[in-house]
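Student: Would you mind keeping the following structure in view while I ask a few things?
The values are calculated or read from the model by the stated rules, or taken from the named source; none is laboratory data. Since we're looking at a predicted model, the values are computed, not measured. In this analysis, Cβ positions are derived from the backbone assuming ideal geometry, glycine residues included, and neighbour counts consider all displayed protein chains. The protein model used for the area step is the full one, side chains on, heavy atoms only, and it has no ligands, DNA or RNA in it. Shrake-Rupley method; radii C 1.70, N 1.55, O 1.52, S 1.80 Å.
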Amino acid sequence: MGGPVEEDELQARIDGRLPPERAEAVDAYLAAHPEEQARFSQYAEQRQALRALFVARPGEPIPARLRVAHLLAERRRRRYRQFAQVAAALGFLVLGGVGGWTARDVARGLASTTEATLAHMVFSDAIAAHRTFSVEVRHPVEVGAGEEAHLVQWLSKRLGHQLTAPDLTALGFRLMGGRLLSAESGPAALLMYEDSKGARLTCYYLSADFSGETEFEYREENGIGAFYWADDGLAYAIAAKADRGLLLRIAEIVYQQTAPDGAKAKLPPASGKPS
């Protein structure tokens, strides 16, 4: 019947994308785990409700601003403008015959700019994820804090990086759990925390194809603030409807706890002004 049942296989079972032998294994697993069967049934009902909603309104056109093609085109235009600037600078160096060492120094600076730009782009996805899931009452997370070890292992495997669920109890936040998300460049992870007053905070992780690190940056959108940065192949964002000073303290704790082997003793300097 195959190996153990993974979360992505449960999702594939809902969508009817599993081969018959694995479908049987998933069904057997669900029969033996009533709590998973209940969760699976809820997902299936939501999927059916969404399908019924769109089937019931076949004649209504999708607004242009919500069409996938429109959204992707707009994102491509933004990225094209960003990277066109980098390409133009490199072309100038080649055509102008700038010396080798100078070219290396400028290229180094351009690489740093590209990394900062990537971290900056993570902000919008992190804010959207926080706004979507932090208000959920029944299903704020996919996997609860009671299965923290499984949650971290699962998300680490999907992102291709060893993740850590930061301990934020010193600042009054406890882990609620987390979920797997989809971003344009691949899978992303979201961990959610809550304090004694019910305020929620999210930690967003996205695998990115670059090395090095960027400074902390801060932005706010419609009352939700976020500190975000990139470090050694991962982009991070800490988002909440909270004071900027508190968010910075949380970001510093997350940075310290996710630094490999505690090797980094110095935090990246926080940007002095909101972006």
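Student: Can you go through Gly223, Gly177 and tell me which one is in contact with a strand residue (DSSP E or B) (Cβ under 9 Å, 6 or more places away or on another chain) and on the phi > 0 side of the Ramachandran plot?
Tutor: Working: Gly223 fails: in contact with a strand residue (DSSP E or B) (Cβ under 9 Å, 6 or more places away or on another chain).
It is Gly177.
Student: What number of residues within region 160-188 are touching a Ser or Thr at 6+ places or on another chain (Cβ under 6 Å) and surrounded by 20 or more Cβ atoms within 10 Å (Cβ to Cβ)?
Tutor: 1
Student: Select from region 1-30 the residues that are crowded, with 18+ Cβ neighbours inside 10 Å and not in a helix (DSSP H, G or I) and write down the one among them that is modelled with the highest pLDDT.
Tutor: Ranking the candidates gives Leu18 first.
Student: Do you know which residues across region 197-232 are among the small types (Gly, Ala, Ser), open to solvent by less than 10 Å² (accessible area, probe 1.4 Å) and modelled with pLDDT under 90?
Tutor: Ala230
To keep it simple, each residue is scored yes or no on (1) farther than 18 Å from Val152 by Cβ; (2) among the hydrophobic types (A, V, I, L, M, F, W, C).
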site: Arg179; (1), (2): no, no
site: Ala208; (1), (2): yes, yes
site: Tyr218; (1), (2): yes, no
site: Ala239; (1), (2): yes, yes
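Student: State all residues of region 135-159 that are over 12 Å from Arg179 (Cβ atoms) and open to solvent by less than 50 Å² (accessible area, probe 1.4 Å); if no residue qualifies, say none.
Tutor: Once the filter is applied, which keeps residues that are over 12 Å from Arg179 (Cβ atoms) and open to solvent by less than 50 Å² (accessible area, probe 1.4 Å), region 135-159 yields Ala145, Val152, Ser156, Leu159.
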